[in-house]
Amino acid sequence: MSEIDTFITSLGRIQLPRVFNPYADTCPDHDKRGAPAIRRKNLRLVFEAGLAKGVETLWIGRDLGHRGGRRTGIALTDERHLSILERRLGIEGLTKATRTESMTERTAADVWQSVGRLKDVPIFWNAFPLHPHKAEESLSNRKHTRREFEVTEHFMSKLLLLFRPVRIIALGNDAHLVLTRLGQSSTLVRHPSYGGQAKFRLGIEAAYR
């Protein structure tokens with residue numbers, strides 16, 4: 001089994017209260033049959049392409065959102081940007097895992113607006129790689145807890161070893177603090193959510209200047 005397959009298989013085994021694991025769980029309201037396997041395949045294809053192309057930049061967010069990575073399996077990427085990611089990486093096979101209409105996530109839209117100006121696509125990940133939600137509200141977003149982070153922290157370390165990035169962009173303080181805690185330097189930019197779109201765009205432009 002390859003390092004990527006081992007990584008994704010381990011990720012699919014995580015089960016936590018008030019957390020949707022898109023690589024193991026099925027959403028009864030939106031998912032196709034076999035949706036977790038589709039999302040695992042999506043992530044594997046992206047990681048394999050990133051390694052093959054020698055991608056040297058990671059963008060790290062906070063956690064998966066219910067309109068974005070929960071549905072696609074790819075951090076900072078909603079369904080409306082799957083085909084763009086596929087084209088930019090020069091791959092085929094990224095598949096929509098849901099049976100309902102494609103959704104747009106605001107953060108993903110802001111991220112991909114900036115990525116569209118770049119020569120190369122980064123690899124996207126999150127400090128907490130799953131979707132934390134409110135109790136009894138699966139289709140909601142909340143910040144992950146320290147305990148939840150501690151359970152999944154090793155995936156960030158494994159990702160850094162896998163890609164050995166030259167540059168890391170931390171989207172917001174949460175991602176930056178996690179990377180600092182792991183002894184990894186990163187460039188902090190304003191997260192685009194909650195009215196931070198303009199500062200986010202300026203921060204990305206400065207980071208790549």
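The values are calculated or read from the model by the stated rules, or taken from the named source; none is laboratory data. None of these values were measured; they are calculated from a predicted model. Please note: Cβ atoms are built from the backbone with ideal geometry, for glycine as well, and neighbour counts cover all protein chains shown.
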Suppose the filter is farther than 29 Å from D25 by Cβ, part of a helix (DSSP H, G or I) and among the acidic types (D, E); does E150 pass it?
no
Is the stretch 36-56 home to any residue that is at pLDDT 95 or above and more than 30 Å from L118 (Cβ to Cβ)?
yes
Within the bounds of the stretch 162-171, is there any residue that is loosely packed, with under 13 Cβ neighbours inside 10 Å and part of a helix (DSSP H, G or I)?
no
Considering only residues that are within 21 Å of G68 (Cα to Cα) and touching a residue at least 24 places away in the same chain (Cβ under 8 Å), look in the stretch 143-152 and name the one that is surrounded by the most Cβ atoms within 10 Å (Cβ to Cβ).
H144
Verdict on T104 being surrounded by fewer than 22 Cβ atoms within 10 Å (Cβ to Cβ), closer than 21 Å to G34 by Cα and in contact (Cβ under 8 Å) with a residue 24 or more places away in the chain:
no
When you go through (1) touching a helix residue (DSSP H, G or I) at 6+ places or on another chain (Cβ under 8 Å); (2) assigned to a loop (DSSP other than H, G, I, E, B) one by one for N141, which number turns out not to apply?
(1)
Residues being part of a loop (DSSP other than H, G, I, E, B), in contact (Cβ under 8 Å) with a residue 60 or more places away in the chain and either touching a Gly at 6+ places or on another chain (Cβ under 6 Å) or surrounded by fewer than 24 Cβ atoms within 10 Å (Cβ to Cβ) (or both): count how many of those fall in the stretch 52-93.
4
Yes/no for G172 being touching a residue at least 60 places away in the same chain (Cβ under 8 Å) and under 18 Å from T77 (Cβ atoms)
yes
Picked from the stretch 106-141 (must be closer than 22 Å to L16 by Cβ and of a type in the set (D, E)), the residue nearest to the chain's Cα centre (by Cα) is E137
